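Structure record follows, encoded as structure tokens.
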Amino acid sequence: MLDQTDAFRRQGYLVFENALSPEDLQMLRSTCDTLLEEPAHDGGGNVHKIGLGDARRFLRHRHAEFPSLENFLLGKKIAEITSVCGIEEPMLFNEQFVVKGAGKGASFAWHQDGAYVGFDHTPYLTIWIAVDDATEENGCVYILPRDLDAEPGLDPHEWQNDSNELNGYFGTETGTPMTCKAGTIVAFSSLTLHSSGANTTDSPRRAFVCQYSSGPIIDPDTNAPKRFAKPLRV
């Protein structure tokens, strides 16, 4: 575990292949498909409107309606990964399915997840789960490795009006593609720059993202948790 923890600090991410049981993978797929039957909406919050309809849908904050999903989000597998990645007192901060439509799934610009929070906070962990096989053709995630001790802060980001997103990197590096089988988990820091490509295939690309903070992330404007602050059950 120490070797993995050190690797996470040195590169800003870890990959866990075959991390999900067949039952958990099927649960994520069926939950996502149920939510996809609902009318599309912008998928953004009160500040950032990052959804693009069928091209890039965010199905957010619905775990309480699906007991099996909530059990997974607060359960043993998540506890193992948050521990390896150095999250103390892990709490569920955010969760959402991200679906890129067939043949028209929009890319996502380089960004750090923490740039979307909107105020100073302790970095947290993003757990990105491949619900379908992730390929460069259907919009896999790309990561720029980052030494979290050498580069501990957020980089400047600019809002892109044409694509409804923040961009935090304008360099020439292409990053490391996270091509992987369904059921793989890619865990990365909210400080790690990442992007994703367009889906040019004839099938949707489904992923699930859940994020965990060390203790609650408190919004200074409301003095309440920014999104969730649910402790794990194990």
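Structure values in brief
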item: Scope segment 179-203; condition among the hydrophobic types (A, V, I, L, M, F, W, C), in contact with a Phe, Trp or Tyr (Cβ under 7 Å, 6 or more places away or on another chain) and either surrounded by fewer than 22 Cβ atoms within 10 Å (Cβ to Cβ) or assigned to a strand (DSSP E or B) (or both); matching residues; result: 185, 186, 187, 188
item: Odd one out for residue 114, checked against (1) in a strand (DSSP E or B); (2) touching a Pro at 6+ places or on another chain (Cβ under 9 Å); result: (1)
item: Any hit, segment 47-54, residues being assigned to a strand (DSSP E or B), surrounded by fewer than 17 Cβ atoms within 10 Å (Cβ to Cβ) and either at pLDDT 95 or above or charged (D, E, K, R) (or both); result: yes
item: Residue 176 out of contact with any Leu (no Cβ under 7 Å at 6 or more places or on another chain), of a type in the set (Val, Ile, Thr), at pLDDT 95 or above and within 28 Å of residue 34 (Cβ to Cβ); result: no
item: Qualifying residues in segment 183-218 (those that are of a type in the set (Gly, Ala, Ser) and over 15 Å from the mean Cα position of the chain (by Cα)) - the one nearest to residue 77 (Cα to Cα); result: 214
item: Residue within segment 155-175 that is buried (at least 19 other Cβ atoms within 10 Å of the Cβ), outside any loop (DSSP other than H, G, I, E, B), in contact (Cβ under 8 Å) with a residue 12 or more places away in the chain and under 14 Å from the mean Cα position of the chain (by Cα) present; result: no
item: Candidate set from segment 204-222 (those that are within 17 Å of residue 91 (Cα to Cα) and among the polar types (S, T, N, Q)); member that is surrounded by the most Cβ atoms within 10 Å (Cβ to Cβ); result: 213
item: Segment 76-90 residues that are among the acidic types (Asp, Glu), paired with ones that are not in a loop (DSSP other than H, G, I, E, B) (beta carbon under 9 Å, 6 or more apart); result: 80/16; 88/82; 88/214; 89/213; 89/214; 89/231
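The values are calculated or read from the model by the stated rules, or taken from the named source; none is laboratory data. Here the structure is a predicted model, which means the values were calculated and not measured. Reconstructed Cβ throughout: ideal geometry from the backbone, glycine too, with neighbour counts over all protein chains shown.
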